[in-house]
Amino acid sequence: MKREPSTDFFANLLLPLALIGGLVLLLSLNTGQTETERVLSSPLELWIKPVVGYLSAGAEIAAAIVIGSAVVRALVVYLYRFLSHSRQHRDATESVRLQLGRALTLGLEFTVASDILRTTVAPTRQDILNLGAIVLLRTLLNYFLEREIQQGEQNRLTRRTNEPETFQPKEPY
């Protein structure tokens with residue numbers, strides 16, 4: 001299924017530009033209210049704030065674990081394949097890159113969840129603007145990572161289909 005040229009134009013140029021424009025707009029807005037001026041008003045807010053803080057810290061820790069373990073794994077796999085002097089080094093590098101990209105997108109999702117959790121309890125207007133800017137920035141990063149992953153997978157599939165097939169006997173039933 002092929003996309004229309006106008007859809008490709010929108011996805012490749014206008015969407016990232018719109019996200020960047022929204023990010024610049026959100027960052028330029030300033031309400032002038034500082035966090036010290038905000039006072040928690042209800043006892044429920046006093047109780048929920050630490051719980052949400054722990055949940056937010058947990059989401060950040062999860063992001064750090066996912067990204068850190070993916071980086072270590074990618075480095076080990078890459079070094080193993082590089083030192084083994086395999087003929088398919090380029091394909092191996094591409095697969096390591098794609099796996100790392102998938103882990104980075106998951107890590108970005110955890111960090112967005114952490115930021116959303118932080119602003120759930122009695123947010124100020126500035127907190128909401130900051131969250132919007134952070135979510136837009138991370139969405140933009142995620143968008144480009146996903147595009148890279150999709151292009152890499154498509155390139156790998158086309159390379160596989162263009163390679164000559166080797167004879168592999170079928171297993172008996």
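The values are calculated or read from the model by the stated rules, or taken from the named source; none is laboratory data. Here the structure is a predicted model, which means the values were calculated and not measured. Here the Cβ is made from the backbone with ideal geometry for all residues, glycine too, and neighbour counts use every protein chain on show.
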Q. Residues in region 132-147: is at least one at pLDDT below 85 and over 30 Å from Leu55 (Cβ atoms)?
A. yes
Q: Select, from Thr93, Thr120, the only residue that is surrounded by fewer than 16 Cβ atoms within 10 Å (Cβ to Cβ), of a type in the set (Val, Ile, Thr) and at pLDDT 80 or above.
A: Thr120
Q. Which of the residues that make up region 149-162 are surrounded by 13 or more Cβ atoms within 10 Å (Cβ to Cβ) and without any contact (Cβ under 8 Å) to a residue 60 or more places away in the chain?
A. Ile149, Gly152, Glu153
Q. Any idea which of Leu55, Leu79, Leu13 is of a type in the set (A, V, I, L, M, F, W, C) and modelled with pLDDT under 80?
A. Leu13
Q | Test: residue in region 134-141 that is part of a helix (DSSP H, G or I), under 30 Å from Leu44 (Cβ atoms), more than 11 Å from the chain's Cα centre (by Cα) and without any contact (Cβ under 8 Å) to a residue 24 or more places away in the chain | A | yes
